[in-house]
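Taking it in order: structure first as structure tokens, then the write-up.
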Amino acid sequence: MAERKVRVRFAPSPTGALHIGGVRTALYNYLFARQHGGDLIFRIEDTDSNRFVPGAEEYIIESFKWLGIQFDEGVSFGGDHGPYRQSERRDIYKKYVRQLLDAGKAYIAFDTPAELEAKRAEIPNFQYDAHTRGMMRNSLTLPQEEVDRLIAEGQQYVVRFKIEPDEDVHVNDLIRGDVVINSSILDDKVLYKSADELPTYHLANIVDDHLMEVTHVIRGEEWLPSAPLHVLLYRAFGWADTMPAFAHLPLLLKPDGKGKLSKRDGDRLGFPVFPLEWHDPKTGEVSRGFREEGYLPEAVLNFLALLGWNPGNDQELMTLDEMVHLFDIHRCSKAGARFDYVKGIWFNHEYILKMSDERVAEMFMPVLKEHGIDAPMDKVVTVVGMMKGRVNFVKELWDTCKFFFVAPTEYDPKTVQKRWKPDSAEMMTRLADLLESLDDFSLENQERVVMKWIEDNGLHTGNIMNAFRLTLVGEGKGPHMFDISSVLGKEETIARMRRAIEVLK
Ligand code: GLU
């Protein structure tokens with residue numbers, strides 16, 4: 001068989017916000033497609049109208065735009081295998097349902113919900129399968145005329161997949177190896193419902209993967225139980241030769257304890273599980289998003305890439321291009337990956353450090369504006385360059401740097417008590433006079449002159465610098481003193497010193 005071009009897909013159902021686990025699935029598909037020079041398809045699986053949530057599709061598209069994950073074809077991207085929204089493919093599915101019925105691989109069932117309920121009550125662990133289908137109302141038990149009559153009368157029915165019992169079904173998973181399941185544990189899955197003239201997820205998924213020429217199905221572990229059914233469906237259609245390879249990704253686990261990561265963990269521990277803020281149209285509930293919390297998209301992708309995969313050495317920071325080269329689907333773990341959100345914060349810190357001061361300054365500008373500060377760009381760039389190593393998020397720069405933009409109006413009592421000595425007012429007056437006399441207010445010149453003054457007069461460097469800091473910052477924190485004074489400039493430095501002396505003397 002000729003090598004087929006790699007084609008993978010991300011196929012979410014628009015049932016709400018995109019969970020961060022879904023983002024990781026999309027990322028792995030993206031990396032896999034890119035490294036094989038293949039295509040990444042974006043398909044919307046919206047055949048379950050009960051679970052449809054308005055706005056979800058747009059939300060998912062916007063999320064990937066923000067993250068920088070690009071699709072080659074699909075909903076909103078175009079392509080020649082469309083339509084890519086399953087609700088627009090009804091007629092296609094009907095044809096394939098017909099094909100299975102004609103081949104005797106599926107059958108029509110009329111059992112009402114009440115009848116099914118009664119059977120469940122009557123038979124413990126009831127399952128619609130080879131052992132029970134003979135007792136039910138379906139096209140295998142009813143005469144053909146009766147089936148035709150019921151349909152003509154407009155009775156609702158479903159089409160069920162006729163699963164042959166007692167067969168070992170092998171799913172060859174790229175991550176989990178050979179997974180074997182006996183067909184007897186599977187039930188005759190509903191493939192189609194006359195009520196809404198739509199297929200169920202299973203049929204639509206298989207038909208679309210086939211028609212869209214998907215070569216690899218990389219998806220969340222929760223779909224592993226469906227895989228044997230999918231294998232049987234491919235065979236029933238006669239598509240076994242072009243059946244995609246499967247890879248079921250490890251679960252994302254709670255940051256603490258056991259079990260699957262949920263939105264509640266995020267609410268409890270204070271981290272997002274959605275890429276963007278999500279406004280639930282039904283409940284009105286607002287859930288936090290990585291974007292709104294101030295995460296950089298590159299940091300989020302890097303963090304997610306390592307949840308369930310690693311490059312085989314201890315490299316942690318990597319660009320998307322590097323990930324494309326390093327990614328190896330066979331190196332994905334089977335065991336669940338703990339969602340260590342603290343590590344996610346660390347990634348954000350590292351990406352702020354790596355980012356140019358100009359770009360960080362651009363992101364900081366709106367924060368300054370919010371606080372009513374209109375500072376020149378070059379000052380913001382300098383401040384950011386000095387201070388960005390101290391924060392995990394751009395918004396935290398405000399608390400860390402605000403003294404560069406607003407003069408202190410109060411002086412931290414603890415620091416005053418510890419740092420403001422009986423002679424501090426006099427010393428600061430002399431220092432202010434000295435600084436005022438400087439024509440060259442550069443960092444280097446201030447440092448040279450002040451240090452010489454301290455030495456010549458036998459002063460205590462610590463005492464001078466601590467008091468100096470208090471006058472400019474209002475407390476005991478901040479970077480190197482002459483970094484601060486040179487950014488503030490001569491006029492502002494002297495003004496702050498004189499005001500502090502007034503207040504504290
Ligand atoms: N529509 C499924 C979901 O919502 C996709 C499963 C698959 O990738 O086959 O997750």
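The values are calculated or read from the model by the stated rules, or taken from the named source; none is laboratory data. Quick caveat: nothing in here was measured; it's all calculated off a predicted structure. Neighbour counts are summed over all protein chains in view; Cβ atoms, including those assigned to glycine, are modelled from backbone coordinates with ideal geometry. Heavy atoms of the whole protein, side chains included, go into the accessibility calculation; ligands, DNA and RNA do not. Shrake-Rupley method; radii C 1.70, N 1.55, O 1.52, S 1.80 Å.
Some values worked out for this structure:
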quantity	calculated
For Glu167, distant residues with modelled amide H under 5 Å away	Ser183, Ser184
Spacing of the two label points (7 Å from each Cα toward its C-beta) at Asn182 and Lys421, in nm	8.7
Inter-part distance where segment 376-420 and segment 282-325 are each reduced to a Cα centre, Å	29
At R0 = 25 Å, FRET efficiency that the Cβ-Cβ distance of Leu140 and Asp196 yields, to 0.05	0.60
FRET efficiency for Lys5 and Lys258, using Cβ-Cβ distance with R0 set to 45 Å, rounded to 0.05	0.65
Mean Cβ neighbour count within 10 Å, used as a protection proxy, ranking 56-67, 130-141 highest first	56-67, 130-141
Heavy atoms of Trp223: accessible area, 1.4 Å probe, square angstrom to 10	90
Integer Hz, Karplus 6.51/-1.76/1.60 couplings in order for segment 422-427, x for Gly and Pro	x, 9, 4, 4, 5, 4
Segment 375-428, accessible surface, carbon-and-sulfur percent (1.4 angstrom probe)	52
Filtered trypsin sites (Lys or Arg not before Pro), segment 258-325: DSSP coil and at most 13 other beta carbons within 10 Å	Lys258, Lys282
Per residue accessible area in Å² of the chain, where ligands, DNA and RNA are left out and the probe is 1.4 Å	47
Theoretical ellipticity at 222 nm over the chain - DSSP helices of four or more residues, -39500 (n - 2.57) apiece, nearest 500	-13500 deg cm²/dmol
Computed lengthening from Arg338 to Glu410, 0.36 nm per intervening residue step minus Cα-Cα distance	21.4 nm
Nearest-ten-degree value, helix 461-473 long axis tilted from longest Cα axis of the chain	60
Distance in nm between pseudo-label sites at Ser76 and Glu362 (7 Å out along the Cβ direction from Cα)	2.2
Portion, in percent, of the accessible area of segment 51-140 that falls on carbon or sulfur, probe 1.4 Å	52
Accessible surface of segment 146-224, 1.4 Å probe, proportion on carbon and sulfur as whole %	48
Table column - 3J(HN,Hα) (Hz), segment 376-392, Karplus curve with 6.51, -1.76, 1.60, x for Gly and Pro	x, 4, 5, 5, 4, 4, 5, 4, 4, x, 6, 10, 5, x, 9, 10, 9
Highest to lowest packing among 315-321, 455-461, 106-112, scored as the average C-beta count within 10 Å	106-112, 315-321, 455-461
Ordering of 159-165, 177-183 by burial proxy (mean other Cβ atoms within 10 Å per residue, highest first)	159-165, 177-183
In degrees, nearest ten, helix 341-354 long axis to first principal axis of the chain (Cα)	60
Anisotropy class of segment 85-199 from Cα gyration tensor, a/c 1.5 cut	oblate
Hz values of 3J(HN,Hα) by residue in segment 446-453 - Karplus curve (6.51, -1.76, 1.60), Gly and Pro given as x	4, 4, 4, 5, 5, 5, 5, 4
Crossing angle, helix 113-122 versus the chain [Cα axis fit, 0-90 degrees, rounded to tens]	80
